[in-house]
Amino acid sequence: VRVRPFNAQEKARAESPAVDVPTRATVVTTSPASGEKRTFQFDRAYWSVDPKHKHFAGQATLMEELGEELKDAALDGYNSCLFAYGQTGSGKTYSVLGSEASSEGRGLLPRIIEDIFTEIEILSNKNRVDPTVFTATVSYLEIYNEQIRDLLAPEEERQTKREVRHNPKIGAFVPGIQDTPVFCWKDVERLLEFGVKARAVGSTLMNETSSRSHCIFTLEISRKDIRAGKVVQLRSKLNLVDLAGSERQKRTQATGERLKEGSMINRSLSTLAVVVSKLAEQSDRKEKGKKKPMNDFVPFRNSKLTFLLQDSLSGNSKTIMIAALSPASLSYDETLSTLQFAQSVKAVKTKVKKNEELGNSLVVELEQECERLRTLVAQGGAHAQELQDLEEIKRRYGRDLETQLNIAQSLKEKRHQILADAGLTSMEMSESVGLAESTPQLLNVCYDPQLSGCLVYFLQKDHDIRIGKSKDCKILLPGLGMEPQMAVISNKDDHKLAIKHLAGRVLLNGKQIQGVVDLMHNDRLIFGFSFCFRLVFPGQEEEPSYTAPACTYEQVLSEVVPADFQAHAECIFFVKELEGRLGETRARAFLQVFRKVCMLAEEANVIMRELRSQEGLQFSAEVLTDLFASNNNVSKVPQCVVRLRRHPRGVARLRHFVQKHFLKHNMIWEAMGELRLQVDDRVGYETVLLMSFQEFQERMYYFRDVHERWRREGVEVDTSDFDPWQQLPPWAVEREHIYLLEERLAVAEARLAVQPGPAALVGRASALAAAAGGAGGGPRDHERLP
């Protein structure tokens, strides 16, 4: 168990600690509500909150006590696994990957892998007569929404649907993934860099998926020794797993309809909990000598995560779990849940054994199995795909050194080309092309701090860098709201940069760009609804006269001015009126929420235009307030809501235009009296949905998921389990009344020539009261509702 330090938000809130580590094996929690203390015992407990604490444990401590054991196991032919579990932001990724800002901040993964290859070099040169021969391969997978993505594969192959297979000889495996040969730590470091870039490109600014996916990094090592004239081969597999966040539903505000994304993560983590619980029960029965019950089934295959980790959880593996905790009292419930899960894990027992064989006996056995399957396929007793998958595994384990070198070089060139096509530069490429140290750079800003800054675009001098989703752009950015060519950045002398707007949503420090604008150090650029960058002029951040503000995901979004500027401006006017009865703090908080609603509505409209452009659908942000509330309830904060409208098309649109024209200009009012009686009361649109901010946030996850799969697959995907555009169930009586009042008010405003919006709330009160008089629940009115 490891307790991380307080983060900036927790320090700003002056959070009190709810966790303590009195000894190196004891964790004590204190309930912030009741003060109840609970004590837990584990193999090791690490306090990483305060460096001055007597039990403080840094990254080096984890390497000494955990990493060394995993390193030795991998070199001696034992399978091993390390996985980190805990809520989002509890420090899981930091423990596994760490930070490259300093050598002290490096995580377990880079430390273990580097030490393994250092030891391999020593052992390979120890005996010159009969040298020990090592070969190693790496794979890097991401599991998101129960879909397996190969982070080392090209973009088009990354989306290929992949299944998990199982073989008694080698355990669980994924056919078709890139199993890349590596020969030193630098090779692995480049693959990690490439995988993180691929993950960052997939985790766009507005679609925070990074902490909602599981990542599995696997290193397989083969060691051949000569003993008594015979070749003895040792094989080992090291899995390093970074699990998605396990925070509870109430903290993510995912109430009502569960988000599909969240449900998929919940399925894998729930299955993991069930599997661990079943395995703990089995271990307990074996220790007590009890008989095995009839329903003693462990559901490994219910989730791709548990299926892949089947051997690590119950079979031939030496497995370590790090339970990552936040010390803050706000996270007490999640901390308690994580500790209870860790107790179950502690009870699980695995049976590790040395994977030793003579010669290439594994390849021989796999070839025999392939022959058996060929016979069955010819007789119709087996699937050809099963045979194809097994043959691929046989070829992988049967490669000689020369073949592995050729494959490694081929895959390296392919990765370089992928990065070049996207306008990215890997570490060795930037060194080889001789870029000046003063070359300005665009660094990505991401929801996950671990992914921020891993996409680096160099803005070379005397070049015009085009940005967009077209393949002829220097910086290629596919995603939501991206146009073929959106902007051009020109670099004259590495000190004067300018950006020219071409098309689409391009925001500079939160505001839409028009024409040509000069750029400065630390400027923030947002393209579409997918990517955010910070401009860096190397050397300027070290100047003592310049204090660069922290540039986080939340801060970048907080400065964005919504495109629906009129609604936002009216809301600002409304907030000034609210300050008198709510107070400045609550009124400003309401404005921040409304700003976010406007931004999400703008994003949803872009998705709608791309997917359902012919249906006339549009989202709009509105303020819902009760003008008839009693004076005793003046402190009630108004509600931000989102309305989905369907605007008329064709003949209905022409009728609306004629109606709006005559009503607005009050032309031949008496002559048009008969026409006015025949016109539908719904002025300009039909209300399809009216959602609270929380409900709209939930639907946005569906919108983004549908759009992302549509962008990758070219067709709108089937969302039969939950259509994000479908009408909600019938509203309650109170909400029906609100619908009718809004529709009547629209007509009343048109006739009274009153400008709608919060700025005219006083003038609208009388019109609303008049409209309310005719808002009875008649059959015709009720039929209008969705």
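Estimate the FRET efficiency between residue 270 and residue 228 by the formula 1/(1 + (r/R0)^6), using the beta-carbon distance for r and 60 Å for R0, to the nearest 0.05. Could the numbers behind the result be given before it?
Values: r = 51 Å, r/R0 = 0.85.
It comes to 0.70.
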Leaving ligands, DNA and RNA out of it, work out the accessible area of residue 464 with a 1.4 Å probe and give it in Å² to the nearest 10. 110 Å²
Show me, for region 215-224, the HN-Hα J-couplings you get by feeding each phi into the Karplus relation (A = 6.51, B = -1.76, C = 1.60, θ = phi - 60°), rounded to Hz, glycine and proline as x. 10, 10, 9, 10, 10, 10, 10, 10, 10, 10
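Can you sort 502, 339 by solvent-accessible area, 1.4 Å probe, largest first?
502, 339
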Of all accessible surface on region 440-484 at a 1.4 Å probe, what whole percent is carbon and sulfur? 45 percent
For residue 227, solvent-accessible area (1.4 Å; no DNA, RNA or ligand), Å²: 100 Å²
Kindly report the accessible area of region 70-135 per residue (heavy atoms of protein chains, probe 1.4 Å, no ligands, DNA or RNA), in Å². 41 Å²
Using protein chains only and a probe of 1.4 angstrom, how many square angstrom of residue 596 are accessible, to the nearest 10? 100 Å²
Between residue 11 and residue 297, how many nm apart are label points set 7 Å from Cα along the C-beta direction? 5.2 nm
Projected label distance in nm at residue 167 and residue 647, using a 7 Å step from Cα toward the beta-carbon: 5.9 nm
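Take the solvent-accessible surface of the protein heavy atoms, probe 1.4 Å, and return the percent of it on region 1-104 that carbon and sulfur atoms account for.
Numbers: 2460 of 4880 Å².
C and S atoms contribute 50 percent here.
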How high is the FRET efficiency between residue 439 and residue 346 when r is their beta carbon distance and R₀ equals 56 Å, given to the nearest 0.05? 0.65
Take region 41-145, compute every pairwise Cα distance, and split them into 5 Å bins from 0; I just need the percent in each bin. 2, 10, 17, 22, 18, 13, 9, 5, 3, 1, 0
Provide the per-residue ³J(HN,Hα) series for region 503-520, in order, calculated from phi with Karplus coefficients 6.51, -1.76, 1.60 and θ = phi - 60°, each as a whole number of Hz, with x at glycine and proline positions. 6, x, 8, 10, 9, 10, 6, x, 10, 5, 7, 10, x, 10, 9, 6, 10, 10
Which value, in Å³ per residue, describes the convex hull spanned by the Cα atoms of region 1-96? 118 Å³
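With r as the distance between the Cβ atoms of residue 41 and residue 471 and R0 = 51 Å, compute the FRET efficiency 1/(1 + (r/R0)^6) and round to 0.05.
0.30
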With all protein chains present and a 1.4 Å probe, the order of 691, 321 from largest accessible area down is 321, 691
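The values are calculated or read from the model by the stated rules, or taken from the named source; none is laboratory data. Bear in mind that the values here come from a model prediction, so they are computed numbers and not experimental data. We place every Cβ from the backbone using ideal geometry, glycine too, and count neighbours over all the protein chains shown. Calculation scope for accessible area: heavy atoms of the full protein, side chains included, ligands and nucleic acids excluded. Shrake-Rupley method; radii C 1.70, N 1.55, O 1.52, S 1.80 Å.
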